[in-house]
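Below is one structure; the comments refer to it alone.
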Amino acid sequence: MGRAAVYDGKHVVQTQSYGAEARGSAAKSEVVISDEPIKFPLVRKCDILVVMSQTALDKHLDNLKANGALLVDKDMVADVPESKARIFRVPATSMAEAEFKRRIYANAVMLGALTKATRIISRKAMENAIRDSIPEEMLRENLRGFQLGLQLARAP
């Protein structure tokens with residue numbers, strides 16, 4: 001998302017942290033996007049929270065602004081508490097399994113839903129960022145997952 005925002009001419013700061021374990025461990029990424037230069041790169045309360053697991057939701061929901069947008073992988077998050085946030089339940093994992101027989105593409109599906117639901121980044125910029133970030137042997141599936149995700153969310 002950060003790369004796509006740059007392609008759209010925005011200012012971006014990204015931080016990330018990953019667990020010491022292999023793929024599937026806890027991961028957190030914060031992306032600050034602005035039309036103006038960014039003077040403070042840390043996120044105090046986020047406008048958008050995307051969670052792909054119940055543990056992530058439980059750990060990070062308090063960081064979401066009351067009127068923010070919450071995107072959850074409805075296949076992996078069973079309990080979404082009452083919230084003033086706009087909630088988007090995205091079947092990212094089940095869609096990836098049905099379409100590709102692999103869960104690894106759930107992130108691409110969620111990225112499409114995020115793009116459509118928030119309209120912060122243009123579709124074209126996100127597609128270009130995917131093309132520039134994904135190895136050739138996985139590109140077709142990731143772009144297809146992104147397209148599927150675009151169909152799963154409605155913009156506000």
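Each reported figure results from applying straightforward, stated rules to the coordinates on display, with no laboratory input. Computed from a prediction, not measured in an experiment: that's the story for all the values here. Neighbour counts run over all protein chains shown; Cβ positions are idealised from the backbone, glycine included.
Assorted remarks:
- Filter on K59/K101; K45/K101; K84/K116; K28/K84; K28/K116 - keep pairs with C-alpha separation over 26 Å: K59/K101; K45/K101
- Burial ordering of Y7, Y105, fewest other beta-carbon atoms within 10 Å first: Y7, Y105
- Summarising the strand pairing of the chain, around 45 percent of its internal DSSP beta bridges are antiparallel.
- Span per principal axis, largest first, for the Cα atoms of segment 2-150 (Å): 40, 37, 31
- Our helix-only sum for the chain, with -39,500 (n - 2.57) per DSSP H run of n ≥ 4 divided by its residues, gives a mean residue ellipticity at 222 nm of -11500 deg cm²/dmol.
- The modelled label-to-label distance between N67 and R119, using points 7 Å beyond Cα along the C-beta direction, is 1.7 nm.
- Dipole check for the chain: with +1 at the C-beta of Lys and Arg, -1 at the C-beta of Asp and Glu, and the Cα centre as origin, the magnitude is about 340 Debye.
- S94/H11 FRET efficiency (R0 30 Å; Cβ-Cβ; nearest 0.05): 0.25
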